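> Right, I'll just put the structure down here and ask away after.
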Amino acid sequence: MSANIRPAGVFDTGYAQDIALNRTRTDKIQAYGGFVLLLLIPLLTVAGPLGLNIVPQSWIGIINRIGIFTIAVLGLNILIGYTGQISLGHAAFMAVGAYSAAFMVRGFTVGDFAFPALPFWLALPLAALFTGLVGLLFGLPSLRVKGFYLAMATLAAQFIIPWVLRNPLSTWTGGSNPLQVPFPELGPLQFNSSSEMYYIIIPLAVFMALAARNISRTRVGRAFISVRDNDLAAELLGINVFAYKLQAFFLSALFAGVAGALIAFEDNTVSVASFGLDTSILTLGMLIVGGAGFPLGPLFGVAFFRLVEDIVIPFLKDTLLRPETLNSIAQTLPFLDAVKINSSLDPIMFGTALIVFLILEPRGIAHRWEILKISWKLRPYSH
Amino acid sequence: MTAALRDPRKLPSLIATVAVIVIALVWLGPLIASSAPNRLVQSGITGLLVGGVYSLVALGIVVINKASGVFNFAHGGMMMVAGFIFFSFFTTSNIALPFALIYSLVTVGLAVSIFGWRNLLRQPSLIVIGVVAVIALTFVLTLPGPNYKWIRGIVGGAMGAALLGLAVERFTIRPLIGQPLFASVMMTLAVSLILNGTTQLIWGSQPQTLLIFSEVNPIGIEVKASPLRFDTAELLGGNISVERTRLYAFGLSLVAFLAFWLFFRYTSVGLAMRATSENQMLAQSVGLRVRMILAIAWAIAALLAGVAGVLHGGATNLDTNMQYLALRAFPAVLLGGIESIGGALIGGLAIGLTEEYSKLLFSGDIGEQLAPYIVLMVVLVLRPEGLFGQKRIDRI
Amino acid sequence: MKKAQFLLMLVLLVGVFAAPALAQDDAGFPDFIQHTECEEDLTGQNIEILHFGDLSGSYAFITQPLLVGLEDAINYYNSNGGVCGATLSQRFDDTAGVPDQVVATYDRFSTEDPKPQLLVLYASGDAEALRDRVAEDEIPVLISAGSVPGLYGDDGATPGWIFATNPLYTDQLGSFCDFVGNDPMGVFGEGQSIGYISWEGAFGRAADTEEVWSYCESVGVSHAGSEFFLPTTQDISAQVQNLVDAGATILYTNSLATGPALVAATVVNLGLEDQVVLAGVNWALDTSVGLLGQATFGSDGLPSTDGLFGSAPFYWWTETDQPGIALIREQFDAAAETAPESHTPTTQNIAYLLGWQTVDLYTEIYIQTANRVGFENITGADIKETIEGLDYSPLGLTTINFQEGRRSTSANRIAMMGYLAEDGASMADAENPPMVVTVGERQLLVPINVALTDFVDAPDLRPGGADVPEG
């Protein structure tokens, strides 16, 4: 949408300029500057080399999680936002990525044959590729099945994949028990803390976001959108609908694979329980809240969820809803007690935030963002 | 079959069907043959009884989907909350008058204002009906003593369920009319979070025993109805036992199912709901009040959830894990076809049977986690619209 | 109604066991609480008990009473002088049982300034997920019961920073096998076979390991098979019957609340009471199981959960001749006067006792560490050092000894769940009918636990553990 509103006085003189993401020098400075600033954040914490205490250390972990989940939700955005195929099995693909990455860096044996342990930079893309192939497999029902039925077919993936990891593969995965994952190493560098993982996760997240953005602008991306808007019409236009659906499943799983592998490296442990149906639904929720089909939707959605859960709710609990306050509430209302209030606080606050948000902005944060951006560019004639 | 033979385009799916059946027979045949006959019969009976509850849950999800196209993730939460509300009225014999009055007032208020508060002023008769209803309901709820626990439980529980459904529709779903369907689906997820929190807040997290199918044992304690045992040692090589709690729950599920089926088939509101589900705009243009119909659909779905919650709670326990039970009914919904009421029944029973037989034939957690989804995958590949769903013809 | 229910239970239990009133002066602890002498006066300081876990998810019913227990214990300790004058307080967060949220919450707590010196976790799964992080951040963790990978790592031989105050789930099953093999009561006889039936997941599967089964074989108890079910299950008769068909004479469950109650009810409903004996993990002996089990009665006229064997690694509510229990009882009753809603019969459970145990343990750990390094200098590593050298009995409830690289306690005993008989002093059986209490409109029996053995060391059954049979 915003691409249609061009800065006054800027004219495209060549194809390269026409398709550039950053059209003007200001755009470029903003983009690169923003990226550099982002990379500086860990240096401003207590653990940084200067020992500054400007940014709380806990933010690094939060930003890392935002980065990881943004990658996962970007994949979901390709599948749901652009191609219109609902998936309830995204977490299962993340599990595939996490476990395959873990296997590769640990090395494993099948029978007498021992696979050597691979370095981290090789394991990550291989794990992503493998996850993509698994995604392809579970995309096959999309040949015949549509809509909620397809959602259920992907839900089957959500139950089948963890089961396979837990039972037939338990010799390698350790069943329900978590599997230890070594720290990533890149030559002499060891990434063994959140601040260090930051320099793997954030550049990768930016790279994946740009990749997703570019995919959506190519022939493939336009084909995805045509499949989403009307698959019959797309087919009549000569688009191989099934092939594009499979591509979307492949790409979506690939992104999930990268995210899963990063979770494994960041947590240094993987367990099947982290990739349950609730995680799948969570990623879906992040996409919808952020805005499905918008390039920035995944980032906004993930940031909203993480900020509410990790910063807003803890902040409210520390200020407005301190245990003393809760105790006095419990004493005025005889059927309540402090323990019950405490344990119900998180789901109620989070649910309320979601409801209010959905009513105010049902098309997602990215939708509102686009509107704001356009009205900023059109100022002072923003109406 | 003959049609498929004549039409070569249907041949692949026919071959696939035959292949699936052959594989199933070759693989499962020996396993089945090696099981004791009484175990096979026992699993069949338990599977049907367990499937009854799944059917009822599936029906509730189907009703919402038919009326509004939303897949309701909050159904499990509604089951749990409605079940706990029933439990409270069932076990509390001295409901305070102010509480009963407010409770009735809110429920009746939401019910009569389905059309919006402004319409209420135009139709004074509704107000009169409302006032009478409030008085009557308050009276019933404040009936003292354990003798009236059934009427108190049923009335209070039904009111709670209806209140829940109407409130969810009014405050969360209605504001999203005209917005993307995704937002509504997400909204049901948010509602399920709130319902979980509310349950923790009011009832805590301790599992409760709901003695609706009960008997008094020799030492004077009320316990769950004891199972029926059939001596079939000669016939089947072992005994068959049928839990009466499940049998009653199954029977009541079928009754509820029949009642709702008749409602959709014959009452004018039911017919209007079916019309709305076909095409909301068309229904509106022939004078049906789509908003009212949506509200009624949510109330009915919540009632169904309540019945399922109470019956499941009576057969096992009432606890906060009940909200996750609805997830296990999802395959049943899709197996039968998301538009089909009869399909929900067959789907539920089929999932129940699948679970029980795979528990019998394989150890581990295949029966509860894997088998329903494998069956669902196979069915969806063979029949993409479910067993009884409508085959839609897409037009450009 | 709930108040009446609670008060009746209370009056009954107190009357029955005639808890001896404890003689104590206003300030200072009763004699049986033997903390190390304080070398430093810490008045004005505060020690925060930091804990987090699943407070609103599927394990909420077991974790919520812990909050109440901690609160009551903290109040009691603070009013008796605290930790050398320092006050105790608790702070916690809810992770709703979502693994990702566990890590996020941990990140938030662990990066606080000052860094936490000691944490309390509830679930063995959380401990497994955080094992590496707490080691890296040097924050020791106390947990009630843990699994091998959480405490000793993948290889079962690398002690970490997490300390469990109950025996490992594997060791609990091992000591139950000992009990069956030795058969001190003469009820089992030869050729017993255990069928393992539990919740799906890391907790439910924690005791189902090869080491455990080979140990059990070595004491003459075989393994008939393992079956798993989900907490949302509708019916487990197929699984129970599978195990019995495979020759199980004992059904052992590693689940809690509805889990053991469902196994017990299913056994009764299938008419298998004469063929199998029930047993379970320490959580299976919990009050919640005893109350839920009353919905189904066996043919002996007692609830289905009557006679359930289990591990009882610490003293139980009914053992009021134990001064620690008597004190907790007394304080529970007093707290119930002011907050009846949070002090119901179901609050009188394991987790409430654990809350008290934790507070006493905290007090001792902090006194010892402050004596050694000075309160201002305490770090996580100092606390770990203290815990590693600890040989202490919090409130006399259990023995905690983490010396020689152990990460879980080993003192365990076997108890049996029963119901109070009409005479109010013994356990009900076929001849001795149970006492029926009318609470509100419900008739209830009173669940009790009776210890069958003394405290003995549970076998060490982690991979490569001392008691794992060779080969």
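The values are calculated or read from the model by the stated rules, or taken from the named source; none is laboratory data. Please read these numbers as outputs of a predicted model, since none were measured by experiment. All Cβ positions, glycine included, derive from the backbone under ideal geometry; neighbour counts span all protein chains shown. To get the accessible areas, we keep the full protein, side chains included, count just its heavy atoms, and leave off ligands, DNA and RNA. Shrake-Rupley method; radii C 1.70, N 1.55, O 1.52, S 1.80 Å.
> Once you compute Rg and the Kirkwood Rh from C-alpha atoms, what is the Rg to Rh ratio for region C:398-465? Walk me through the numbers on the way to the answer.
Working: Rg = 18.4 Å, Rh = 15.0 Å.
Here Rg/Rh amounts to 1.23.
> Would you mind giving the mean number of other chain beta-carbons within 10 Å of the Cβ of each residue in A:83-91, as a whole number? Walk me through the numbers on the way to the answer.
Working: counts 0, 0, 0, 3, 0, 2, 0, 0, 1.
Neighbouring Cβ atoms belonging to other protein chains average 1 per residue here.
> Largest first, what is the accessible-area ranking of C:TRP317, B:TRP117 with a 1.4 Å probe? Could you put the intermediate results ahead of the total?
On the way: C:TRP317 10, B:TRP117 150 Å².
Sorted descending by solvent-accessible area, the residues read B:TRP117, C:TRP317.
> Might you report the magnitude of the Cβ-based charge dipole of chain B about its Cα centre, with Lys and Arg at +1 and Asp and Glu at -1, to the nearest 20 debye? Can you show the working numbers first?
Details: 25 positive and 16 negative charges, 237 e Å.
Result for chain B is approximately 1140 debye, rounded to the nearest 20.
> Another question, if that's okay. With every protein chain present, what is the per residue accessible area of the protein assembly as shown (1.4 Å probe, Å²)? Intermediate results must be reported in sequence, preceding the final value.
Working: 47910 Å² over 1250 residues.
About 38 Å² of surface per residue is accessible.
> Within region A:137-158, which residues have the backbone N less than 16 Å from the label spot 7 Å out from A:PHE242 along Cα→beta-carbon, could you tell me?
So the set is A:137-146.
> Could you order C:ASP333, B:ASP365 so the one with the most accessible surface comes first? Probe is 1.4 Å. Mind dumping the intermediate values first?
Numbers: C:ASP333 35, B:ASP365 5 Å².
In descending accessible area the options line up as C:ASP333, B:ASP365.
> Among A:THR325, A:GLN30, C:GLN275, pick out the residue whose Cα is farthest towards the positive end of the charge dipole of the protein assembly as shown, where Lys and Arg carry +1 and Asp and Glu carry -1 on C-beta, about the Cα centre.
A:GLN30
> Given a 1.4 Å probe and the protein chains all in place, what does the accessible area of C:VAL187 round to, in Å² to the nearest 10?
Here the accessible area works out near 80 Å².
> Here is a further query. Any idea what the relative contact order of region A:61-305 is, in percent, if you count C-alpha pairs under 8 Å spaced at least 6 apart? The partial results should precede the final answer.
Values: 433 pairs, mean separation 102.2, N = 245.
Across region A:61-305, relative contact order equals 42 percent.
> Follow-up. Any idea how far apart B:LEU25 and C:PHE32 come out in nm if each label point goes 7 Å out from Cα toward Cβ?
7.2 nm
> With no solvent and one point on each alpha carbon, what is the Debye value of log10 I(q)/I(0) for the protein assembly as shown at q = 0.05 Å⁻¹?
Taking Cα atoms of the protein assembly as shown as identical point scatterers yields -0.35.
> Next up: Keeping all protein chains in position, work out how much accessible area C:GLU210 exposes to a 1.4 Å probe, and write it in Å² to the nearest 10.
The value for C:GLU210 is about 150 Å².
> Another question, then. Can you pull the percent of region A:61-305's accessible area that's carbon plus sulfur, 1.4 Å probe, other chains left in place?
Values: 5650 of 8120 Å².
Looking at region A:61-305 in its full context, I get 70 percent from C and S.
> Continuing with this model, one more query. First measure r as the distance between the Cβ atoms of A:ASN167 and B:LEU105, then evaluate 1/(1 + (r/R0)^6) with R0 = 56 Å and state the FRET efficiency to the nearest 0.05. List each step's numbers first, then the result.
Values: r = 54 Å, r/R0 = 0.97.
That gives a FRET efficiency of 0.55.
> Using only the Cα atoms, what convex hull volume per residue in Å³ does region A:1-134 have? Please report the intermediate quantities before stating the final value.
Working: hull volume 27.9 nm³, N = 134.
Hull volume over Cα atoms, normalised by residue count, gives 208 Å³.
> Tell me the label-point distance for the pair A:ILE374, B:ILE32, using the 7 Å Cα-to-Cβ offset, in nm and rounded to one decimal.
6.1 nm
> Take C:ASN75 and B:TYR266, extend 7 Å from each Cα along the Cα→Cβ direction, and tell me the distance between the two endpoints in nm.
Those two pseudo-labels are separated by 6.1 nm.
> If you place +1 on the Cβ of every Lys and Arg and -1 on the Cβ of every Asp and Glu, how big does the dipole about the Cα centre of the protein assembly as shown come out, in debye to the nearest 20?
Numbers: 65 positive and 102 negative charges, 1755 e Å.
My answer is approximately 8420 debye.
> Now, a different point. Of the listed pairs A:LYS146/A:LYS245; A:LYS245/B:LYS66; B:LYS359/B:LYS391; A:LYS146/B:LYS359; A:LYS317/C:LYS384; A:LYS28/A:LYS373, which have alpha-carbon separations greater than 23 Å here? Kindly include the intermediate steps, with their values, before the conclusion.
On the way: A:LYS146/A:LYS245 11 Å; A:LYS245/B:LYS66 27 Å; B:LYS359/B:LYS391 33 Å; A:LYS146/B:LYS359 31 Å; A:LYS317/C:LYS384 30 Å; A:LYS28/A:LYS373 17 Å.
Over 23 Å Cα-Cα: A:LYS245/B:LYS66; B:LYS359/B:LYS391; A:LYS146/B:LYS359; A:LYS317/C:LYS384.
> Another one. Among C:SER393, B:PHE171, C:GLY150, whose Cα lies farthest out toward the positive end of the dipole of the protein assembly as shown, if unit charges sit on the beta carbon of Lys, Arg (+1) and Asp, Glu (-1)?
Most positive-ward Cα: B:PHE171.
> Sticking with this structure for a sec: Out of every Cα-Cα pair in region B:270-368, what percent are more than 23 Å apart? Provide the component values of the computation, followed by the final result.
On the way: 2063 of 4851 pairs.
More than 23 Å apart: 43 percent of the Cα pairs in region B:270-368.
> Are there trypsin sites (Lys or Arg not before Pro) in region B:134-237 that DSSP puts in a loop and that have at most 16 other Cβ atoms within 10 Å, and which ones? Spell out each step's value before the answer.
Working: sites: B:LYS149, B:ARG152, B:ARG170, B:LYS224, B:ARG229; in loops: none.
Answer in residue order: no site qualifies.
> Out of all Cα-Cα pairs in region B:127-252, roughly what percent, to the nearest whole number, are more than 26 Å apart? Walk me through the intermediate numbers first.
On the way: 4175 of 7875 pairs.
For region B:127-252, the share of Cα pairs beyond 26 Å comes to 53 percent.
> Still on this model: Which listed residue (B:LEU247, B:ILE346, B:SER205) has the Cα farthest towards the positive end of the charge dipole for chain B, taking +1 on Lys and Arg C-beta and -1 on Asp and Glu C-beta about the Cα centre?
Among B:LEU247, B:ILE346, B:SER205, the one farthest towards the positive end of the dipole of chain B is B:ILE346.
> Rank these residues by their accessible area, most exposed first, probe 1.4 Å: C:HIS223, A:HIS90, C:HIS35. Can you show the working numbers first?
Details: C:HIS223 65, A:HIS90 0, C:HIS35 35 Å².
Reading off the accessible areas and sorting them downward yields C:HIS223, C:HIS35, A:HIS90.
> Enter the per residue convex hull volume of chain A, computed from alpha-carbon coordinates, in Å³ rounded to the nearest integer.
In chain A, the Cα hull volume divided by residue count equals 204 Å³.
> Please give every one of the aspartates and glutamates within straight-line cross-link reach of B:LYS224, meaning a C-alpha to C-alpha distance under 13 Å, and leave out same-chain neighbours fewer than 8 residues apart.
Straight-distance partners of B:LYS224: B:GLU215, B:GLU243.
> Could you list, bin by bin from short to long, the percent of Cα-Cα pairs of chain C in 20 Å steps?
For chain C, the pair-distance distribution reads 25, 58, 17, 0.
> Please compute, for peptide C:282-291, the average count of beta-carbon atoms on other protein chains lying within 10 Å of each residue's beta-carbon.
Details: counts 0, 0, 0, 0, 0, 1, 2, 1, 0, 4.
Mean shielding by partner chains, rounded to a whole number: 1.
> Over all distinct Cα pairs, what is the inverse of the mean 1/r for chain B, reported as the Kirkwood hydrodynamic radius in Å? Don't jump to the answer; show the numbers that get you there.
Values: mean 1/r = 0.0437 Å⁻¹.
With all distinct Cα pairs of chain B included, I get 22.9 Å.
> In addition: Between C:LEU452 and A:THR109, what FRET efficiency follows from the Cβ-Cβ distance if R0 is 51 Å, with the result rounded to 0.05?
Numbers: r = 45 Å, r/R0 = 0.89.
That gives a FRET efficiency of 0.65.
> I would also like to ask the following. Using Cα-only point scatterers and the Debye equation, what is log10 of I(q)/I(0) for region C:276-343 at each q in 0.13, 0.22 Å⁻¹, rounded to two decimals?
Cα-only, vacuum Debye calculation for region C:276-343: -0.51, -1.01.
> How much of B:VAL132 can a 1.4 Å solvent probe reach, expressed as accessible area in Å² and rounded to 10?
Roughly 90 Å² of B:VAL132 is accessible to a 1.4 Å probe.
> So, one more: What are the DSSP H helices in chain C that stretch 15 Å or more along their long axis, judged by alpha-carbon atoms, and whose average Kyte-Doolittle hydropathy comes to at least 1.0? Could the numbers behind the result be given before it?
On the way: long enough: C:2-17 (23 Å, 1.83); C:60-79 (29 Å, 0.37); C:99-110 (16 Å, -0.53); C:124-137 (19 Å, -1.02); C:169-182 (20 Å, -0.11); C:258-269 (16 Å, 1.24); C:323-338 (23 Å, 0.10); C:350-373 (34 Å, 0.32).
Sorted by number, the helices that extend far enough and score high enough are C:2-17, C:258-269.
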